[in-house]
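Q: Below: one structure in structure tokens.
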Amino acid sequence: MTTYSNVKFMTSAAEANQLAEDSGREIAFAGRSNSGKSTAINVITQRAGLARVSRTPGRTQLINFFELAPERRLVDLPGYGFAKVPERVRLHWLALMEHYFNVRESLVGLMLIVDSRRGLGAQDVAMLEWILARDRLAHVLLTKADKLNRQDSLRVLRETVAAGADAAVSAQLFSAHNKHGIEEAREVMDRWLKGA
């Protein structure tokens, strides 16, 4: 069992040549701007403020690496979607993310953060296609599940599981607010980090 509270910041990368050493095993977190990605990282690691949380979309503008243990990392990727940033910056992020997905040998899986009130969008599907094209694992965290009633949350979970069924993408409901789904997410990550 990984001790997530031992996590510590390693480095940030604004350019491809600044990525952390490509060894061991790492799990990437990606999601639309304001999907709750930074909050999910902080709750899973029990470290408030580890990943910067903002009400302003697009605040994560770098690829941030966090070490859990030697050769075991979490990677916080820039949010995508409606971030209010100049086009040249958005295109730079896109190129950096594409490079990251194409070259990282240590990348074992993607935790895709999706606002449960929105469901999977076109950019989320594209992100899954990127990771699956590399023959890596993917798990969808349907965040902010506390904002939906039980019937709606189960419906969005069913739809998400059905959408990823062909590619064996798993999914779960998650709420940082009421701490729902944290252990389930950690169990998935434990399997990936161990190589099971």
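The values are calculated or read from the model by the stated rules, or taken from the named source; none is laboratory data. Nothing here was measured: the structure is a model prediction, and the numbers come from that model. When we count neighbours, we look across all protein chains shown, and the Cβ atoms used for this are built from the backbone with ideal geometry, even at glycine.
Q: List the strands (runs of 3 or more DSSP E) that sit entirely inside the stretch 6-92 and contain at least 3 residues that are modelled with pLDDT of 90 or more and crowded, with 19+ Cβ neighbours inside 10 Å. Quick ask: steps written out before the conclusion?
A: Working: elements: 8-13, 25-31, 63-69, 72-76.
Filter on the stretch 6-92 gives 25-31, 63-69, 72-76.
Q: Also: Go through the stretch 176-186 and give me each residue that's without any contact (Cβ under 8 Å) to a residue 60 or more places away in the chain and in contact with a strand residue (DSSP E or B) (Cβ under 7 Å, 6 or more places away or on another chain).
A: Residues satisfying the conditions are His180, Gly181, Glu184.
Q: Another question, if that's okay. Taking the options Leu132, Leu96, Leu157, Leu148, name whichever one is more than 22 Å from Val43 (Cβ to Cβ) and surrounded by fewer than 20 Cβ atoms within 10 Å (Cβ to Cβ).
A: The conditions single out Leu132.
Q: Kindly indicate whether Leu141 is under 14 Å from the mean Cα position of the chain (by Cα), modelled with pLDDT under 95 and within 28 Å of Arg72 (Cβ to Cβ).
A: no
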